[in-house]
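Presented below is the structure to which this report refers.
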Amino acid sequence: DTEVTQTPKHLVMGMTNKKSLKCEQHMGHRAMYWYKQKAKKPPELMFVYSYEKLSINESVPSRFSPECPNSSLLNLHLHALQPEDSALYLCASSQVWTSGLSRGDTQYFGPGTRLTVL
Amino acid sequence: KQEVTQIPAALSVPEGENLVLNCSFTDSAIYNLQWFRQDPGKGLTSLLLIQSSQREQTSGRLNASLDKSSGRSTLYIAASQPGDSATYLCAVYLDWGGSQGNLIFGKGTKLSVKP
């Protein structure tokens with residue numbers, strides 16, 4: 001099974017709402033990622049969890065809060081978002097990712113959540 | 001800082017034509033290179049992964065090559081079909097992740113295959 005699942009597929013929220021995006025994989029991977037993709041742009045890395053520990057958290061606004069309850073699950077909590085945060089949010093997983101030294105393990109991507117902030 | 005460039009940005013071809021998509025990267029110290037396909041509003045589908053020790057990979061009508069020394073990769077699509085219409089993304093895996101993370105994407109080539 002090489003599938004990464006994401007829910008919901010679409011989400012519309014107001015700027016005062018609190019919502020969460022969910023991601024799940026059952027490939028035994030120990031690294032999971034959140035990417036943000038704006039229209040006609042390539043994906044940009046937001047967060048990496050490696051062995052359930054947050055490894056990257058730079059320049060991403062605090063209104064995005066990642067959570068990794070266990071090695072198979074990854075959440076992205078959203079609060080007080082802005083319209084410019086509207087984008088496709090992609091989750092990915094790989095065997096492992098070590099801070100400062102990447103083994104370049106293949107990342108498997110989910111289908112994404114299309115987020116619209118009104 | 002690693003930069004990945006894809007040329008052309010868009011390509012329109014008639015059905016049945018063979019075509020080549022190009023990808024270049026500025027730092028040859030990459031671990032792997034991966035080609036993805038993305039349909040409008042959808043996630044990424046992995047097409048081919050080339051490890052740094054390899055020169056090419058093939059899957060069906062797709063063939064990807066890698067020349068690390070020159071910082072180039074090409075994706076060859078044979079006998080194109082309308083169903084191949086999508087955006088094709090090239091991404092390089094870095095040896096050292098750092099604050100960029102370890103997977104750097106190009107901006108993609110939008111392919112349109114006309115019946």
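The values are calculated or read from the model by the stated rules, or taken from the named source; none is laboratory data. Since the model is a prediction, treat every value here as computed from it, not as a measurement. Virtual Cβ from ideal backbone geometry, glycine too; neighbours counted across all protein chains shown.
Elements of the type strands (runs of 3 or more DSSP E) sitting completely within the stretch A:11-56 and holding at least 3 residues that are touching a Pro at 6+ places or on another chain (Cβ under 7 Å): these cover A:31-37. Across the stretch B:16-33, what is the number of residues that are part of a loop (DSSP other than H, G, I, E, B) and surrounded by 14 or more Cβ atoms within 10 Å (Cβ to Cβ)? Residues flagged as part of a loop (DSSP other than H, G, I, E, B) and surrounded by 14 or more Cβ atoms within 10 Å (Cβ to Cβ) within the stretch B:16-33 amount to 2. For B:L89, the conditions (1) within 30 Å of A:N57 (Cα to Cα); (2) assigned to a strand (DSSP E or B); (3) modelled with pLDDT under 95; (4) not hydroxyl-bearing (S, T, Y) all hold with the exception of (3).
Here A:L115, A:L74 are screened, and the one residue that is buried (at least 16 other Cβ atoms within 10 Å of the Cβ) and away from chain B (no Cβ under 14 Å) is A:L74.
Please work out if A:L11 is farther than 30 Å from B:T5 by Cα and either within 14 Å of chain B (Cβ to nearest Cβ) or among the charged types (D, E, K, R) (or both). Against the criterion (farther than 30 Å from B:T5 by Cα and either within 14 Å of chain B (Cβ to nearest Cβ) or among the charged types (D, E, K, R) (or both)), A:L11 qualifies. Consider the stretch B:34-57 and keep the residues that are in a strand (DSSP E or B) and without any contact (Cβ under 8 Å) to a residue 40 or more places away in the chain. The one that is farthest from the other protein chains (Cβ to nearest Cβ) is B:E56.
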